[in-house]
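J.: One structure, pasted below without further comment.
The values are calculated or read from the model by the stated rules, or taken from the named source; none is laboratory data. Remember, predicted model here, so these are calculated numbers, not experimental data. A quick note on method: Cβ atoms are made from the backbone with ideal geometry, for glycine too, and the neighbour counts reach across all protein chains shown.
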Amino acid sequence: MSRLHLSVLQLHLFSLFLCTLVVADPVITDGLVAYWSFDKDTINGGVFKDLSDVGQDAKIVGVIKTVKGKFGDATRFDGNQNNYIQGAKNLEVFKKKPTKSISVEGWIIDEGFIEWGGYVVCAQDNGSFEKGWVFGTNNQVSFAVSTDDPDDGDGVLTYVKPAKNPDRGEWFHIAGTYDGGTIKLYINGEVVAENKNHKGDINYPKAKDGNGENDAELVIGQYRDKNEFFPHKGLIDEIKIYDRALSEAEVNHNMKASGLSVDIRNKLTTRWAKVKKLHI
């Protein structure tokens, strides 16, 4: 075989290898309504690009640093309540908020496991007024959902927690799901807690409740509602929200996956180019 033919073959094989790297184990996109990788190349004009096809881009509020993450880059939160990421300023602009079922997942380093902590939160919790969902900590890593069926606790937030927290300061994967009947919490791909006493749609704040529909933000890196601000201290990476409950197999797939398939990334590149023009 000539050197030229050998070089062409090597180049072809290398190209195939690169393509394999791009498409290997992409995240599951069925039901995906928000995906923030927090990689540096997804930031423009103080906004993190949503890698789903929904376009739920997230705004940096205050100062958020990007550092080496579990996959690519991650966000570092310094425990200051003025520094967080706003996925949606209210429910009206949460474009495809999950209503009947939900999954939230990501990679976390937590330096404190505080009493009221938020990795991703869309809720109001003021006294007996508990609406929405909380993905964070209640001294322990936890996932909480409020549903509209009166038989599950009068619509209050119900928390599921593990018997033991992950190691402080170390990466762990966490996922919370609700399928319309059961709330589950996964840590590193294993179910560590569940509650089967819930049913009905997710109970978000509504205008008739008095607090107003616009009062619930979608926030990353802080437990934040109308009058409470409990910031996360640590790292957050690869946050995804689905409008359905992922299975245990799907949670484990996503735990080992990052990025999207080539076709989807090409579509997003076109959309992001348009977004950049708007921010210039």
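J.: Scan the range 66-87 residue by residue and report those that are touching a Gly at 6+ places or on another chain (Cβ under 6 Å) and either hydrophobic (A, V, I, L, M, F, W, C) or assigned to a strand (DSSP E or B) (or both).
T.: Residues satisfying the conditions are Phe77, Tyr84, Ile85.
J.: Restrict the check to the range 77-93 and report whether at least one residue is within 30 Å of Asp179 (Cβ to Cβ), modelled with pLDDT under 95, touching a Cys at 6+ places or on another chain (Cβ under 8 Å) and not acidic (Asp, Glu).
T.: Within the range 77-93, one or more residues are within 30 Å of Asp179 (Cβ to Cβ), modelled with pLDDT under 95, touching a Cys at 6+ places or on another chain (Cβ under 8 Å) and not acidic (Asp, Glu).
J.: Restricting to the range 226-280, count the residues that are at pLDDT below 95 and more than 23 Å from Gly46 (Cα to Cα).
T.: Adding up the residues that qualify gives 9.
J.: Can you give me the number of residues within the range 98-107 that are among the β-branched types (Val, Ile, Thr) and under 16 Å from Ala144 (Cβ atoms)?
T.: Looking only at that region, the number is 2.
J.: Can you find a residue in the range 159-175 that is farther than 20 Å from Ile109 by Cα and either modelled with pLDDT of 95 or more or not small (Gly, Ala, Ser) (or both)?
T.: The answer is yes; a qualifying residue exists.
J.: So which of Glu111, Glu105 ends up being in contact with a strand residue (DSSP E or B) (Cβ under 9 Å, 6 or more places away or on another chain) and surrounded by fewer than 21 Cβ atoms within 10 Å (Cβ to Cβ)?
T.: When all the criteria are applied, what remains is Glu111.
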